[in-house]
Amino acid sequence: LLIVGVLITVFVSADAQYVLDGVYQKEHTVKRRVIPYAHLREGDVMWLKRVWRRIDLREKINYPLYYPTTPINDRQSMFDVIRESLLQSGTMTAYSPGPIGVDDEFTTPMTVEEVKGLLSSIDSQYVEDPITEELELVIQNVDVQSAEVVWYEIKEEWFFDKQRSVMDVRIIGICPMKEKFNDFGESQGPQALFWIYYPEARYVFNQQEVYNRQNDSERRTLEDIIWSRQFGSYITKESNVYDRFINEYKGGLDALLEAEKIKEMLFLQEHDVWHF
């Protein structure tokens, strides 16, 4: 009877692993290939401008990148995808933003242990024992949660390709950011965690589905969302002689107007190439 019971348990467990949560087996996304970039020569680039922009995941248009904050069967947030690729599969490489968080040139690769130390911290506090009523020191690991990462910094280059006669854009890097607090619990603004080289990340994002508000059978991937620019963002910096961000010389409403001015300049740069 004992042997029969063990065999039944094994068979039931094996069958449970193959339960299909849906009406069909999804194969399209996992077999997709990344769309290659068009060939680009230095001689074909007539004009180029490097731009930094910030994605705020609290905006409604960016919800597909933010939710679910806890991974579910067929979906997970963009940060969870990045973390899994860094710590488990090793398909991405993280680059340090430097001691003050401004290095975005992919100069210092981070090891897996360094990433683990960055995404996990040790917290200690005294907790009252319900039996002895004495305070005991409790030490526990606190991991960075997906819900805490509410910004992404993007570095991209806009250029006019005279060979194809198009204004094009390519993302160079992407940086997840979370809010930083001091010892008194006061907010110190966004903190850069690490930089990811986007041409490398495309192969991972291309196989991760995101929610489609219109049709669950036609879900897009993270790569589709970013490739087609289906996200909201605002410009924080353009290449300049001082190498400074907009908030270093503009503030409040003036900073927003300056960002819109740069966006309009990119539009006019393409528009003015054509003559009718």
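The values are calculated or read from the model by the stated rules, or taken from the named source; none is laboratory data. Given the structure is predicted, the values throughout are model-derived calculations rather than measurements. Methodologically, a virtual Cβ is constructed for each residue, glycine included, from the backbone with ideal geometry; neighbour enumeration extends over all protein chains shown. The area values use the complete protein model at the heavy-atom level, side chains included, leaving out ligands, DNA and RNA. Shrake-Rupley method; radii C 1.70, N 1.55, O 1.52, S 1.80 Å.
Quick check: net charge around VAL142, other residues with Cβ under 12 Å of its Cβ, Lys/Arg +1 and Asp/Glu -1?
Result for the neighbourhood of VAL142: -3.
With the other protein chains left in place, how much accessible area per residue, in square angstrom, belongs to the range 112-177 at a 1.4 angstrom probe?
57
From the phi angles alone, apply the Karplus equation (6.51, -1.76, 1.60; θ = phi - 60°) to the range 116-126 and give each ³J(HN,Hα) in whole Hz, x where the residue is Gly or Pro.
With coefficients 6.51, -1.76 and 1.60, one gets 4, x, 6, 8, 9, 9, 9, 10, 10, 8, 8 Hz.
With everything on Cα atoms, drop me the angle between helix 2-16 and the longest principal axis of the chain, reported from 0 to 90° to the nearest 10.
Orientation of helix 2-16: about 20 degrees from the principal axis.
So which residue, out of GLY101, GLY22, GLY185, gets the largest mean-square fluctuation from a GNM of the chain using Cα contacts under 10 Å as springs?
GLY22
Collect residues whose amide H, placed 1.01 Å from N in the peptide plane, falls under 5 Å from the amide H of GLY98; neighbours closer than 5 in sequence don't count.
Those qualifying (amide H under 5 Å, at least 5 residues apart or on another chain) are ASP103.
Could you check the spin-label model distance between VAL127 and VAL241? Points 7 Å from the Cα along Cα→Cβ, value in nm.
5.9
Rounded to the nearest 500, what is the 222 nm mean residue ellipticity of the chain from helices alone, with -39500 (n - 2.57) per DSSP H run of 4+ residues and division by all residues?
Taking each H run of at least 4 residues, the total per residue is -7000 deg cm²/dmol.
As a test question: what accessible area, to the nearest 10 Å², does THR91 have when a 1.4 Å probe is rolled over all protein chains in place?
70
Calculate, in nm to one decimal, what VAL34 and GLU148 gain on full extension: separation in residues at 0.36 nm each, minus their alpha carbon distance. It would help to have the intermediate numbers written out before the result.
Values: separation 114, 0.36 × 114 = 41.04 nm, distance 2.93 nm.
My answer for the length gained is 38.1 nm.
Given a Förster radius of 41 Å and the C-beta distance between GLU113 and GLU157 as r, what FRET efficiency does 1/(1 + (r/R0)^6) yield to the nearest 0.05?
Efficiency at R0 = 41 Å is approximately 0.80.
Express in Å², to the nearest 10, the accessible area of LYS180 obtained by rolling a 1.4 Å probe over the protein heavy atoms while all chains stay in place.
We get 100 Å² for LYS180.
Quick one: net charge of GLN230's neighbours, Cβ under 9 Å, K/R +1, D/E -1?
Local charge sum for GLN230: +1.
Report the gain in length on full extension from LEU268 to ASN141: 0.36 nm times residue separation, minus Cα-Cα distance, nm rounded to one decimal.
40.6 nm
Heavy atoms only, probe 1.4 Å: what % of the accessible area of the range 31-149 goes to carbon and sulfur, would you let me know?
Result for the range 31-149: 50 percent of the exposed heavy-atom area is carbon or sulfur.
Given labels modelled 7 Å from the Cα in the Cβ direction, how far is it in nm from TRP47 to SER165?
Here the modelled spin labels are 1.6 nm apart.
Which whole-number percent gives the relative contact order of the chain, counting Cα pairs below 8 Å spaced six or more residues apart?
This gives 22 percent for the chain.
As a test of reading the structure, rank TYR242, TYR211 by solvent-accessible area (1.4 Å probe, protein chains only), most first.
Of TYR242, TYR211, the descending order of accessible area is TYR242, TYR211.
I'd like the FRET efficiency for LEU257 and TYR18, computed as 1/(1 + (r/R0)^6) with the beta carbon distance as r and R0 of 51 Å, rounded to 0.05.
Efficiency, from the Cβ-Cβ distance: 0.35.
Might you work out the accessible area of ARG83 for me, using a 1.4 Å probe with all protein chains in place, and round it to the nearest 10 Å²?
50
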